[in-house]
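The values are calculated or read from the model by the stated rules, or taken from the named source; none is laboratory data. Since the structure is predicted, the reported quantities are computational estimates derived from the model, not experimental observations. Because the Cβ atoms are built from the backbone with ideal geometry, glycine has one as well, and the counts that use them run over all protein chains shown. To get the accessible areas, we keep the full protein, side chains included, count just its heavy atoms, and leave off ligands, DNA and RNA. Shrake-Rupley method; radii C 1.70, N 1.55, O 1.52, S 1.80 Å.
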Amino acid sequence: MNASPNDPTDEMLDETAAQWVCEREEGFSPEREQAFAQWRRASLRHEAAVRRVEEMFGLLDELPVVRSPLEARLARPA
């Protein structure tokens with residue numbers, strides 16, 4: 001399947017997915033939850049974008065846990 005020049009880029013889809021995921025974290029109304037589910041089902045690329053964003057947010061959540069040991073290791077003399 002070839003992409004059309006009018007198809008959104010992965011970056012554009014990731015941005016849209018991030019907006020949806022952030023809104024979901026703040027709390028969806030039932031209507032917004034349904035709209036998000038519909039958007040995800042509309043394209044495999046939409047679902048993939050949501051998964052990428054959720055993975056990225058998961059990694060960001062881990063940063064405080066990783067940061068202290070990493071900073072301590074980098075501060076040690078070689």
**Prompt:** For the chain, with only Lys/Arg (+1) and Asp/Glu (-1) charged at the beta-carbon, what is the dipole magnitude about the Cα centre, in debye rounded to 20?
**Reply:** 300
**Message:** I'd like the GluC sites (Glu not before Pro) in the stretch 7-72 restricted to DSSP loop residues with at most 11 other Cβ atoms within 10 Å, sorted by number.
**Reply:** none
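Report the far tail of the P(r) of the chain, meaning the percent of Cα-Cα pairs longer than 15 Å.
Counting every Cα pair in the chain, those more than 15 Å apart make up 66 percent.
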**Asked** So what is the relative contact order for the chain, in percent, with contacts set as C-alpha pairs under 8 Å and at least six apart?
**Response** 35
**Message:** At 1.4 Å probe size, with the rest of the protein present, what percent of the exposed accessible area of the chain is carbon and sulfur atoms?
**Reply:** 55
**Request:** Would you mind checking the stretch 35-56 for residues with the amide N under 14 Å from a putative spin-label position 7 Å along Cα→C-beta of CYS22?
**Result:** 53-54
**Request:** Quickly work out the LEU60-to-LEU74 label distance, labels modelled 7 Å from Cα along the C-beta direction, and quote it in nm with one decimal.
**Result:** 1.9
**Leading residue at positive end of dipole, the chain (Cβ point charges), from THR16, HIS46, GLY58** = GLY58
**Request:** Please work out the average accessible area per residue across the chain, using the 1.4 Å probe convention, and give it in Å².
**Result:** 83
